[in-house]
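Visitor: Take this structure first; my questions come after.
The values are calculated or read from the model by the stated rules, or taken from the named source; none is laboratory data. Since we're looking at a predicted model, the values are computed, not measured. Counting neighbours? That spans all protein chains shown, and the Cβs are built from the backbone with ideal geometry, glycine included. Accessible surface areas use protein heavy atoms only, side chains included; no ligands, DNA or RNA. Shrake-Rupley method; radii C 1.70, N 1.55, O 1.52, S 1.80 Å.
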Protein chains: 2
Amino acid sequence: MNASPRRKELTRLAAQLFVQEGFDRTTVRMLAQEMGIKSGSLFHHFKDKHEILAAVIEEGTQNALNIAQQALDDCGRDPEVRLRTMARAHLETLFADRNAHVVALFEWRRLDPSASAHLRHLRDAYEALWVDVIDDALRAGILHGDRFLVARFVLGALNWTVRWYDPHGARTPDELADELVAMLLPNADTTNV
Amino acid sequence: MNASPRRKELTRLAAQLFVQEGFDRTTVRMLAQEMGIKSGSLFHHFKDKHEILAAVIEEGTQNALNIAQQALDDCGRDPEVRLRTMARAHLETLFADRNAHVVALFEWRRLDPSASAHLRHLRDAYEALWVDVIDDALRAGILHGDRFLVARFVLGALNWTVRWYDPHGARTPDELADELVAMLLPNADTTNV
DNA sequence: GTCTATAGCGCGATAGAC
DNA sequence: GTCTATCGCGCTATAGAC
């Protein structure tokens with residue numbers, strides 16, 4: 001869609017507010033103030049408030065997809081390494097890149113139906129990446145269970161970290177990802193990472 | 001607090017709407033209609049909209065605590081069984097009992113600070129139950145990792161099921177709980193449940 | 001305990017000047 | 001591309017009759 005640098009910047013600021021306050025409680029006046037303009041001017045860039053949300057979610061999901069794909073391309077073929085790579089990439093987009101991916105996960109239901117239909121393929125592509133990696137791990141015998149269930153349980157564990165994890169606390173996001181993988185693959189040699 | 005049967009019933013109806021629409025998008029007019037009264041009458045039972053949320057969350061957390069505690073009391077001392085029991089109890093309060101516990105998990109941040117402070121001990125008690133069970137599993141050597149991290153990962157995986165699991169689909173909530181435990185304890189004999 | 005009526009406010013969005 | 005000004009609506013909550 002429209003991807004002017006200005007609009008990109010506004011989308012980035014919107015993502016921050018949507019994470020802090022939630023979409024419903026974020027007003028167009030708050031968004032405008034954060035962007036240094038008046039609320040009326042916002043509607044020159046976006047046709048309505050929901051289009052801002054769609055832009056944030058598209059950005060967040062696309063970014064997660066790009067980062068995960070890139071990381072997978074660079075990490076070799078070992079199933080355990082690939083699993084750890086995906087977990088790290090996921091937490092990186094949630095906590096380092098920040099905001100847009102969190103909004104995509106937690107405000108998806110606020111999308112209007114047409115935007116949701118348009119963005120579903122992006123989300124599905126990201127989930128497909130995960131199912132592939134899980135599948136490799138299942139075939140290698142280092143994980144067990146139904147591929148879709150395992151993928152959703154692992155993603156759930158990762159997504160929920162948004163609610164309790166402090167990225168500036170004792171553990172880095174990478175360490176947190178490694179702890180999750182270590183819990184799932186107790187027999188692997190992960191003590192000397 | 002005030003726990004008249006009438007208020008209990010209204011709280012139950014409110015929980016349903018809060019899950020369907022989210023707290024912010026649920027209006028007092030919608031709540032009143034669902035309860036068969038006019039919106040002004042609502043404020044005879046609750047001093048404001050936030051007090052309704054606090055009542056729902058208290059109900060949901062207390063109920064989760066009661067059910068989990070009861071289930072643990074009845075299930076013996078085997079660490080694996082206790083873990084499975086907790087997972088089943090958690091999904092039962094999310095999908096069978098329905099609604100109030102879901103609201104407690106997903107709308108906690110909408111509580112005003114005083115209500116949040118007042119209810120924190122309930123949530124902590126429930127989490128403490130989980131950490132105890134996880135601790136037993138760690139000491140028995142059937143799970144590995146940091147007690148708090150493992151508890152939060154497992155709870156995250158369970159909580160996120162609200163976003164994708166259909167309790168009327170192919171798997172019952174109990175089966176889903178068992179699948180999660182089977183993923184975590186791959187060496188246990190769970191094939192003949 | 002529920003009603004009617006409405007106060008008072010903040011919201012999303014628009015119009016037209018610059 | 002941003003401004004000022006404002007419309008029209010729906011929201012939470014209140015007041016007072018019944």
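Visitor: Which number in (1) under 18 Å from the mean Cα position of the chain (by Cα); (2) over 21 Å from B:N63 (Cβ atoms); (3) open to solvent by 50 Å² or more (accessible area, probe 1.4 Å); (4) not polar (S, T, N, Q) marks the one condition that B:R171 misses?
Guide: All conditions are met except number (1).
Visitor: Follow-up question, since we're still on this one. Restricting to the range B:143-188, give me the number of residues that are within 26 Å of A:N187 (Cβ to Cβ) and either at the interface with another protein chain (Cβ under 8 Å from one of its Cβ atoms) or not acidic (D, E) (or both).
Guide: Number of matching residues: 29.
Visitor: Now, a different point. In the range B:109-141, what residues are touching a residue at least 60 places away in the same chain (Cβ under 8 Å) and at the interface with chain A (Cβ under 9 Å from one of its Cβ atoms)?
Guide: B:R110
Visitor: On to the next question. Please verify whether the range B:4-16 includes one or more residues that are open to solvent by 50 Å² or more (accessible area, probe 1.4 Å), away from DNA strand C (no atom under 16 Å from the Cβ) and of a type outside the set (S, T, Y).
Guide: Yes, that holds for at least one residue.
Visitor: Would you call B:F106 modelled with pLDDT of 95 or more, at the interface with another protein chain (Cβ under 10 Å from one of its Cβ atoms) and open to solvent by 30 Å² or more (accessible area, probe 1.4 Å)?
Guide: Taking the combined requirement at face value, the residue satisfies it.
Visitor: Cβ-Cβ under 6 Å, sequence separation 6+ or interchain: first residue in the range B:41-64 and more than 16 Å from B:L105 (Cβ to Cβ) and within 14 Å of chain A (Cβ to nearest Cβ), partner of a type outside the set (K, R) and more than 13 Å from DNA strand C (Cβ to nearest atom). Which pairs?
Guide: Within 6 Å, the pairs are B:H50/B:D112.
Yes or no, residue by residue, for (1) at pLDDT below 95; (2) open to solvent by less than 30 Å² (accessible area, probe 1.4 Å); (3) away from DNA strand D (no atom under 12 Å from the Cβ):
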{"site": "A:Q20", "(1), (2), (3)": "no, no, yes"}
{"site": "A:T26", "(1), (2), (3)": "no, yes, yes"}
{"site": "A:L42", "(1), (2), (3)": "no, yes, no"}
{"site": "A:F46", "(1), (2), (3)": "no, yes, no"}
{"site": "A:L53", "(1), (2), (3)": "no, yes, yes"}
{"site": "A:G60", "(1), (2), (3)": "no, yes, yes"}
{"site": "A:N66", "(1), (2), (3)": "no, no, yes"}
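Visitor: Can you find, within the range A:139-163, the residue that is nearest to the chain's Cα centre (by Cα) among those that are within 18 Å of A:V81 (Cα to Cα) and not in a helix (DSSP H, G or I)?
Guide: Ranking the candidates gives A:L143 first.
Visitor: Ok, one more. Considering only the range A:74-86, I want to know if a residue exists there that is within 14 Å of chain B (Cβ to nearest Cβ) and either surrounded by 22 or more Cβ atoms within 10 Å (Cβ to Cβ) or within 18 Å of the chain's Cα centre (by Cα) (or both).
Guide: yes
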